[in-house]
1. Whole-Hz ³J(HN,Hα) for each residue in region 105-115, computed from phi via Karplus 6.51 cos²θ - 1.76 cosθ + 1.60 with θ = phi - 60°, x for glycine and proline: what do you get?
2. I need the phi-derived Karplus couplings for region 22-33: 6.51 cos²θ - 1.76 cosθ + 1.60, θ = phi - 60°, integer Hz, Gly and Pro marked x.
3. Taking θ as phi - 60°, what are the ³J(HN,Hα) couplings along region 44-50 by the Karplus curve (6.51, -1.76, 1.60), each to the nearest whole Hz, with x for Gly and Pro?
4. What FRET efficiency would be calculated for the residue pair Ala31, Ile101, taking the C-beta separation as r and a Förster radius of 22 Å, to the nearest 0.05?
5. At most 14 other Cβ atoms within 10 Å and a DSSP loop assignment: could you name the trypsin sites (Lys or Arg not before Pro) in region 1-75 that fit?
6. Can you tell me the FRET efficiency between His61 and Ala116 if r is taken as the Cβ-Cβ distance and R0 is 25 Å, rounded to the nearest 0.05?
7. Summing +1 for each Lys or Arg and -1 for each Asp or Glu, what net charge is found among the other residues whose Cβ lies under 15 Å from the Cβ of Leu55?
8. Please state, to two decimals, what the Cα-based radius of gyration of the chain comes to when divided by 2.2 N^0.38 Å (N = residues).
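A short reminder: the numbers here are calculations on the coordinates, not readings from a lab. Please read all numbers here as calculations on a predicted model, not as lab measurements. All Cβ positions, glycine included, derive from the backbone under ideal geometry; neighbour counts span all protein chains shown.
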Amino acid sequence: MIWFLVFVGGGLGSAARHGLNRLIHQRMLAATFPFGTFAVNIIGSTLIGVVGGLLSSSRLHLSYEARTFLIVGIFGGFTTFSSFTLDTLALVRDGHMAQAIANVVGQVGLGLIMVAVGYRVASLP
């Protein structure tokens, strides 16, 4: 049953990622910077931080199956670090080194900050 929950959650997360990514790219046709992947990773980091904080503070109680469905399935399917690395390599190969560095520093740094913020806010009494 767990594998099925991961499968379904991953499909939902991947579909949400693809939809948001397409929406953002349609709005920024001339951009070489991967804004869609960037946004998905920051949103995903924030959401997993909030859920982690709520679970840690015991303000949210989920069964093992529900946690697996949500965190491993949906959030795992939604966040896109494999796409992030490919986008970064493409920026480097196309000679956009400053954008590649901004992409790495921005997504990793801001992602870590947002996990901490989400976790902290959700853990407040």
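1. Whole-Hz 3J(HN,Hα) from phi for region 105-115: 5, x, 6, 6, x, 5, x, 5, 4, 6, 4.
2. Each residue's phi maps through the Karplus curve to give 5, 4, 5, 5, 5, 7, 10, 4, 8, 6, 8, 6 Hz.
3. After applying 6.51 cos²θ - 1.76 cosθ + 1.60, I find x, 5, 5, 4, 5, x, 5 Hz.
4. Details: r = 17 Å, r/R0 = 0.75.
According to the calculation, E is roughly 0.85.
5. Numbers: sites: Arg17, Arg22, Arg27, Arg59, Arg67; in loops: Arg59.
Here the trypsin sites (Lys or Arg not before Pro) that fit, given the DSSP loop and packing criteria, are Arg59.
6. Values: r = 23 Å, r/R0 = 0.90.
Step by step, r from the Cβ atoms, then E = 0.65.
7. +2
8. Details: Rg = 15.8 Å, N = 125, 2.2 N^0.38 = 13.8 Å.
The value comes to 1.15.
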